[in-house]
Amino acid sequence: MTDGPSILAPDDPAIRVRGLARSFGATQAVAGIDLDVPRGMIFAILGPNGAGKTTLLRMLATLLEPDGGEATVMGHDLRRAPHAVRGAIAMTGQFASLDEDLTGRENLIMLSRLWGFGRRAARERAADLLAAFDLADAANRQVQDYSGGMRRRLDIAASLIVTPGVLFLDEPTTGLDPSARQKVWRLIRRLAASGVTILLTTQYLEEADQLAARIAVIDHGRKIAEGTSRELKAATGSGFLHVTLADAAELEQAAGMLAARLGASVQHGAQGAVLSVMAGSPEAASAALSDLIGAGIGLADFSMGTPTLDEVFFALTGGSDAPAEEAAQ
Amino acid sequence: MTDIASLKRMERPAPPSGMSNALVFGWRAVLKFRHVPEQMFDLVMTPIMFTLLFTFVFGGALAGSPDDYLQFFLPGILVQTVVFNAVYSGMGLSTDFQKGLFDRFRTLPVWSLAPFAGLMVGDILRHLIAGMIILAIGLMLGYRPEAGILGVAGAFVLLLGIGFGVGWIFLVLGLLVRTPTTVMTLGFTFLFPVIFASNIMVDPATMPDWLRAFVEVNPVSLMTTAMRGLMAGTVTAAEIGRALIAPVALTVLLAPLTLILYRRK
């Protein structure tokens, strides 16, 4: 169980992944992914449920053995030196990995002691973390009485007992209300500013957009795109026009007219008479709407919006995938 | 307001010993007692009910008088208490896995057996506390250990050995089975026949031959015989040796299996 010397050169990435793969029975959860995450960056892995995000993260956090490929984390080889990887990382999973019967303070002291801090140092670190995460008032309450946002903050605090080289966050804001989500976002930004490399997974384009310097989009265990948020949006178009028709009987006619005017394929919404189509500019969208009105098609509603995850997928995969359906499974 | 800007960077301290890690897990078990004292009810209610019902309902018929029956029954009910306790330890492990707590432990650079060693520390405490409560109730009802305090102390040491050995069965179950309630159902389904088809409740002399043959080699009977001997001052070394066969064999077989299952999970 030697940790070995860290062989990280100054310009080596914090995480380097080559062809990493993992199957469960006949299902290929991760089917050969390459990634390079530079140090100090917030990197987001975006994809629907079941895309392989969590499997990828669990492999990188040494919780799951890969079937194929290789990876280094902070210069340590994932397969040959998992113990050394563990010394350089922390992971906050989708579900709070805390002892609900214990208080927030006791959880942090327990984990500090497991890292090897003495009693006094463990108590001090726990107190510092509770103060920094705005949990000092709740420190002596059992975790089962915490709100979702408080649990998430305590869980992230537990990942910072020893400042990690890389912090893995699996869907850090899933299930949080908007204000708790904002708090966690602010937290993630400050952590990255302090030099921690952060690899997070998310289903929300907005979250990736808000936080990450780079985004990898994955689906069915494969990376289908990677770039900055701006690059991905350029691939998807500057905006999407969403139109709700007054009469569903006119859907096909309206779809044909939108496709002809905007030169892009039209998606049918999951329910109701909703059509979504990539529009190059507000002017183009306005012209398309005029076409519909000119043809006597009644509109119940319309809006211009940034692309949703579904739409990014639609654009990236050419419509062969329907992430919304998969998410519902 | 959250202010993590003030948080100092913290480097990793020197790695702790496996023993120190195990003690931290033991400390966790002690904290749980403080926060969830109700768990003691789970552990002692069944043996208390058994003691009262068997002593006062069946005792007269089985042994001539409730007092005589209690004298026979109490060392055995201690064995039953400890064996049933072990089921709860497996349930706790299964709960920890379900809640993701073990993911946290497994991403720490700690000795991989430490969580199990810690569970054992907690178990030993639970066995001691539950055993004391049952013994105290027995004494109140009129039970008298002929071998005195030393005999009782010896019996408790054996009891901890039994709990330690049997505990492995349920740690393995806790690792194999997905939900805590399934661990409980499986545990009790397996344990009830083993407990009842033993010499805890009745002398096997009146049982049919095929059943008596089983009861006489049932490890629970061997444990109970040694416990009775220790508390009555009549124990032989051979009895203690036979009582320890199962705990030792279970530890030798299942401790490595526990580790393999845990690493693979």
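The values are calculated or read from the model by the stated rules, or taken from the named source; none is laboratory data. Every value quoted in this text rests on a predicted model; they were computed, and no experiment measured them. When we count neighbours, we look across all protein chains shown, and the Cβ atoms used for this are built from the backbone with ideal geometry, even at glycine.
Brief remarks follow.
- Test: residue A:36 is within 17 Å of the chain's Cα centre (by Cα) and of a type in the set (Asp, Glu): yes
- Of the residues examined, residue B:6 is not one that is among the small types (Gly, Ala, Ser), surrounded by 15 or more Cβ atoms within 10 Å (Cβ to Cβ) and touching a helix residue (DSSP H, G or I) at 6+ places or on another chain (Cβ under 9 Å).
- Meets criteria (surrounded by fewer than 22 Cβ atoms within 10 Å (Cβ to Cβ) and in contact (Cβ under 8 Å) with a residue 24 or more places away in the chain) for residue A:105: yes
- Residue under evaluation residue B:37, criteria (1) over 30 Å from residue A:87 (Cα atoms); (2) at pLDDT 90 or above; (3) not hydrophobic (A, V, I, L, M, F, W, C), criterion not met: (2)
- All of (1) in contact (Cβ under 8 Å) with a residue 40 or more places away in the chain; (2) surrounded by 19 or more Cβ atoms within 10 Å (Cβ to Cβ) hold for residue B:33 with one exception: (2).
- Which listed residue, of B:51, B:46, B:55, is more than 7 Å from chain A (Cβ to nearest Cβ), more than 30 Å from residue A:114 (Cβ to Cβ), at pLDDT below 90 and in contact with a Phe, Trp or Tyr (Cβ under 8 Å, 6 or more places away or on another chain): B:46
- Checked against (1) of a type outside the set (D, E, K, R); (2) assigned to a strand (DSSP E or B); (3) over 19 Å from residue B:106 (Cα atoms), residue A:71 passes all but condition (3).
- If you go through the stretch B:191-211 and keep only what is of a type outside the set (S, T, N, Q), within 25 Å of residue B:82 (Cα to Cα) and assigned to a loop (DSSP other than H, G, I, E, B), you end up with B:197, B:200, B:201, B:202, B:203.
- Looking only at residues of the stretch A:250-273 that are touching a Ser or Thr at 6+ places or on another chain (Cβ under 8 Å), of a type in the set (A, V, I, L, M) and closer than 21 Å to residue A:316 by Cα, we find that the one that is modelled with the highest pLDDT is A:259.
- As a summary of the residue check, residue B:238 satisfies the conditions (1) at pLDDT below 95; (2) of a type in the set (A, V, I, L, M); (3) part of a helix (DSSP H, G or I) except for the one numbered (1).
- Residue in the stretch A:83-100 that is more than 11 Å from every other protein chain (Cβ to nearest Cβ) and either modelled with pLDDT of 95 or more or part of a loop (DSSP other than H, G, I, E, B) (or both) present: no
- Within the stretch A:101-120, tally of residues that are in a loop (DSSP other than H, G, I, E, B), more than 7 Å from chain B (Cβ to nearest Cβ) and within 17 Å of residue A:152 (Cα to Cα): 0
Results for (1) modelled with pLDDT of 95 or more; (2) part of a helix (DSSP H, G or I); (3) surrounded by 19 or more Cβ atoms within 10 Å (Cβ to Cβ); (4) of a type outside the set (Asp, Glu), shown as yes or no for each residue.
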| position | (1), (2), (3), (4) |
| --- | --- |
| B:165 | no, yes, yes, yes |
| B:172 | no, yes, yes, yes |
| B:185 | no, yes, no, yes |
| B:225 | yes, yes, yes, yes |
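- Index of the failed condition, residue B:222 passing every other in (1) among the hydrophobic types (A, V, I, L, M, F, W, C); (2) within 16 Å of residue B:242 (Cβ to Cβ); (3) without any contact (Cβ under 8 Å) to a residue 24 or more places away in the chain: (3)
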